[in-house]
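Notes follow the structure.
The values are calculated or read from the model by the stated rules, or taken from the named source; none is laboratory data. No experiment lies behind these values; they were computed from the predicted model shown. With ideal geometry, Cβ positions are generated from the backbone for all residues, glycine too; neighbour counts draw on all protein chains shown. Side chains are part of the model used for accessible areas, which takes the heavy atoms of the whole protein and leaves out ligands, DNA and RNA. Shrake-Rupley method; radii C 1.70, N 1.55, O 1.52, S 1.80 Å.
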Amino acid sequence: MKCFWDDRQRAHVPAGEFFNGAMHPAAEHEGRVEAILKAIGSTQTPADLGLDPLLRVHAPDYLDYLRSAHDQWLAAGRGGDAFPYTFPVVKRRPLRLERIDALLGQYSFDTSTPIGPGTWDASYWAAQTALAATDSVLGGERTAFAFCRPPGHHCGADYLGGYSYLSNAAIAAEHAVAAGRKRVAILDVDYHHGNGTQDIFYERGDVLYVSIHADPVMDYPYYWGHADERGKRADHGANLNLPLPRGTEWATYQSALLQALDRIETHEAELLIVSYGADTYEGDPISHFNLKTSDYAPMARAIATLGLPTVVVMEGGYAVEALGANVAEFLSGF
Ligand code: OKP
Ligand code: ZN
């Protein structure tokens, strides 16, 4: 399978993240890069398609903010990574605020997603990587793997969070739509619900979002991913959430996956984007499912029975010692 990666994605080096009342070492760190690169072998560097494909998904003011936020942080006299500390939960409206602290809260929903000096570059090239993999599939390849890092499925059109700054999967989907694909499906198998991807397509009928993830009653991102979120279209909701309890093993996962695949078949998609997170692995340090490395090939084989041109986009997966094997196992199933 053709694999895409850009070394500029290494520029994002978060020092830490804040949760449970304290700073912790960042789970989404550079060690993930070596682990995955070693396992997938040779990669292709993406072309630079510029900002236009990003603007199909993200608000222009959000992109301006993301590009300049760390400079504004430095200009305010701060050091290290930029973090929000106050959030406009009740009155999120287009105030034209200038203070970097106001902007950080306006454009973030958590405190695990710091902005450092290289965050824009890394996210930009992650998005270009997703676009290159998509172009390769639009050009006739059966499948392609976009090793995107940082991940993307938690950020929306105008907000970041969950280690995600640009919505790689959504950017890929919109690129396919712009290239003439009428119906696209996104299958998200990361441990966490992809709230950003869901939000971006929530009122759409042409791009289906289906996710299998930890029940948000217990797990991040809490406020999205519940089974009753079915999309805003009165005619046919194009959103399906399949939350599963902590401790889920392959047998239970597999039946949810079959439901997901049924829904994708009904959608009559012409192209599939898989948001793949290896954090469903039993040894993942921040997650609580019990899938084994050997479960990822059957997972991919089940997805491949759809017979759709497929772009695999990397999301999470934090058990670095097993990450390469888990990714390789998944890709082998295609
Ligand atoms: C990103 B992706 C750990 C708190 C973690 C953020 C999780 C982001 C996951 N107790 N908070 O979906 O893998
Ligand atoms: Zn995850």
**OP:** Could you work out the relative contact order of the range 39-183, using alpha carbon pairs under 8 angstrom and six or more residues apart, expressed as a whole percent?
**Re:** 27
Subject >> Rg to Rh quotient for the range 50-105, alpha carbon positions, Kirkwood Rh >> reply: 1.00
**OP:** Please arrange Asp135, Asp81 by accessible surface area, largest first, computed with a 1.4 Å probe and ligands excluded.
**Re:** Asp135, Asp81
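Do any chymotrypsin sites (Phe, Trp or Tyr not before Pro) in the range 206-297 lie in a DSSP loop with no more than 15 other beta carbon atoms within 10 Å, and if so, which?
Sites meeting the loop and neighbour criteria: Tyr222, Tyr223.
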Subject >> Spatially near lysine pairs across the chain, Cα under 26 Å, sequence gap of 8 or more or different chains >> reply: 6
Original post:
Over the range 28-137, what lengths in whole Å, largest first, do the semi-axes of the equivalent ellipsoid take, defined as the square roots of 5 times the eigenvalues of the alpha-carbon gyration tensor?
Top reply: 29, 18, 12
Original post:
Helix 31-40 versus the longest principal axis of the chain: what angle, 0 to 90°, nearest 10, using Cα atoms?
Top reply: 30
Subject >> Mean Cα-pair separation over length for the chain, i.e. relative contact order, pairs under 8 Å, 6 or more apart, % >> reply: 19
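For the range 184-334, what is Rg from Cα atoms divided by 2.2 N^0.38 Å, rounded to two decimals? If you can, show how the numbers build up before the last one.
Details: Rg = 14.2 Å, N = 151, 2.2 N^0.38 = 14.8 Å.
This ratio for the range 184-334 stands at 0.96.
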Original post:
Using r as the Cβ-Cβ distance of Val217 and Ser42, and R0 as 51 Å, what FRET efficiency do you calculate, to the nearest 0.05?
Top reply: 0.75
Subject >> the range 1-69 - percent relative contact order, Cα under 8 Å, separation 6 or more >> reply: 36
**OP:** Go ahead and set up a Gaussian network model of the chain, Cα springs under 10 Å, then flag whichever of Met299, Met314, Met218 fluctuates most.
**Re:** Met218
**OP:** Apply the Kirkwood formula to the range 120-266: the hydrodynamic radius equals the inverse of the mean of 1/r over all pairs of different alpha-carbon atoms; give it in Å with one decimal.
**Re:** 15.6
Original post:
Counting only protein heavy atoms and using a 1.4 Å probe, what share of the accessible area of the chain belongs to carbon plus sulfur, as a whole percent?
Top reply: 52
Original post:
Between Rg and the Kirkwood Rh of the chain, both from Cα atoms, what is the Rg to Rh ratio?
Top reply: 0.94
**OP:** Count the net charge of all other residues whose Cβ sits under 11 Å from the Cβ of Ser164, scoring Lys and Arg as +1 and Asp and Glu as -1.
**Re:** -3
Subject >> Euclidean distance of C-alpha centroids, the range 81-146 and the range 188-211, integer Å >> reply: 16
Original post:
If you roll a 1.4 Å probe over the heavy atoms of the protein chains, what accessible area per residue do you get for the range 115-185, in Å²?
Top reply: 21
**OP:** Would you compute, from DSSP H runs of 4+ residues alone, the mean residue ellipticity of the chain at 222 nm, taking -39500 (n - 2.57) per run and dividing by the full residue count, rounded to the nearest 500?
**Re:** -10500 deg cm²/dmol
Original post:
Under a GNM of the chain (C-alpha, springs under 10 Å), which listed residue has the highest mean-square fluctuation: Pro150, Pro88, Pro53?
Top reply: Pro88
Original post:
Suppose R0 equals 56 Å; then what is the FRET efficiency for Asp71 and Ala251 from their Cβ-Cβ distance, rounded to the nearest 0.05?
Top reply: 0.65
Original post:
Around Glu141, what is the net charge, scoring Lys/Arg as +1 and Asp/Glu as -1 over all other residues with Cβ under 14 Å from its Cβ?
Top reply: +1
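Going by a ≥ b ≥ c, the root eigenvalues of the Cα gyration tensor, does the range 18-64 fall in the rounded group (a/c under 1.5), the prolate group (a/b larger than b/c) or the oblate group?
It comes out oblate by the Cα gyration axes.
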**OP:** Using the charge dipole of the range 89-140 (Lys, Arg: +1 at Cβ; Asp, Glu: -1 at Cβ; taken about the Cα centre), state which of Gly118, Leu104, Val90 has its Cα farthest towards the positive end.
**Re:** Val90
Original post:
Can you give the direction-averaged projected area of the convex hull of the alpha-carbon atoms in the range 1-81, in nm²?
Top reply: 8.0
